[in-house]
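Here the structure is laid out as structure tokens; the discussion comes afterwards.
The values are calculated or read from the model by the stated rules, or taken from the named source; none is laboratory data. The shown structure was predicted, so the numbers you read here are calculated from the model rather than taken from an experiment. Ideal geometry is used to build each Cβ from the backbone, glycine not excepted, and the neighbour counts take in all protein chains shown. Surface accessibility is based on the protein's heavy atoms, side chains included, excluding ligands, DNA and RNA. Shrake-Rupley method; radii C 1.70, N 1.55, O 1.52, S 1.80 Å.
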Amino acid sequence: MNREEKHELVSALQEKMQEFGNFYIADTSSLSVEKVNNIRRKCFESGIEMQVAKNSLIKKAIEGLEGDASEIYAALKGQSALLFSTTGNAPAKLIKSLRKGSDKPVLKAAYIDSSVYVGDDNLDTLVNLKSREELIGGIIGLLQSPAKNVISALKSSGGKIAGIVKTLQEREG
């Protein structure tokens, strides 16, 4: 691979990192081709893009991100597979489900909305992260709850309120 091809690959990785906003780096070394193809298929089914690249090229792509993601550099050893997703916890859930049958893939690092997680011990934390849509839905639900309670209280005591209003109107009139 010549210098120009490397530059193009780094640019393409940076574009994906910015487009998706979330990426995971996993270790898939020592897995058979069949198992790696199975991971690729499950990634496709889950809306996750998987790409394998050299660690030096991944590092150059990360250097182009906004903010400081230099903590990830220590994890760039051995074989690295990048998992790109628009949903922050989707790759973590996939890795966890794949690990039921084997000890790989191992999470090396994750970059989620400018936050960096390094090490496989963060897998459970990442699985439990709520997506942006889930957080917005929860906030909307919380905001709607008091309004629904007021409306249902008004409906259930509708006859009483009408009687009170009628009594007040008679007193004024």
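Using the structure shown, decide if residue 138 is more than 17 Å from residue 28 (Cα to Cα), surrounded by fewer than 17 Cβ atoms within 10 Å (Cβ to Cβ), modelled with pLDDT under 85 and touching a helix residue (DSSP H, G or I) at 6+ places or on another chain (Cβ under 7 Å). No, not satisfied. For region 56-72, the set of residues classified as open to solvent by 10 Å² or more (accessible area, probe 1.4 Å) and in contact with a strand residue (DSSP E or B) (Cβ under 9 Å, 6 or more places away or on another chain) consists of 65, 67, 68, 70, 71, listed by residue number.
Annotation: residue 91 fulfils all but one of (1) over 23 Å from residue 11 (Cα atoms); (2) outside any loop (DSSP other than H, G, I, E, B); the unmet one is (1). Annotation: residue 64 fulfils all but one of (1) modelled with pLDDT under 90; (2) closer than 23 Å to residue 34 by Cα; the unmet one is (2).
Annotation note: of 79, 51, the sole residue that is of a type outside the set (Lys, Arg) and under 16 Å from residue 18 (Cβ atoms) is 51.
The residues in region 99-132 that are part of a loop (DSSP other than H, G, I, E, B) and of a type in the set (Lys, Arg) can be counted, and the count is 4. Here is the figure for region 74-92: residues that are within 29 Å of residue 32 (Cβ to Cβ) and open to solvent by 50 Å² or more (accessible area, probe 1.4 Å) total 4. Here residue 77 fits the description: part of a loop (DSSP other than H, G, I, E, B) and of a type in the set (Lys, Arg).
Applying the criterion of being closer than 19 Å to residue 40 by Cα and in contact with a helix residue (DSSP H, G or I) (Cβ under 7 Å, 6 or more places away or on another chain) to the residues of region 103-119, the residue that is most open to solvent (accessible area, probe 1.4 Å) is 106. Within region 22-55, being open to solvent by 70 Å² or more (accessible area, probe 1.4 Å), over 22 Å from residue 122 (Cβ atoms), of a type outside the set (A, V, I, L, M, F, W, C) and assigned to a helix (DSSP H, G or I) holds for 34, 35, 37, 40, 41, 45. Please tell me if residue 122 is open to solvent by less than 80 Å² (accessible area, probe 1.4 Å) and under 10 Å from the mean Cα position of the chain (by Cα). Criteria not met by residue 122.
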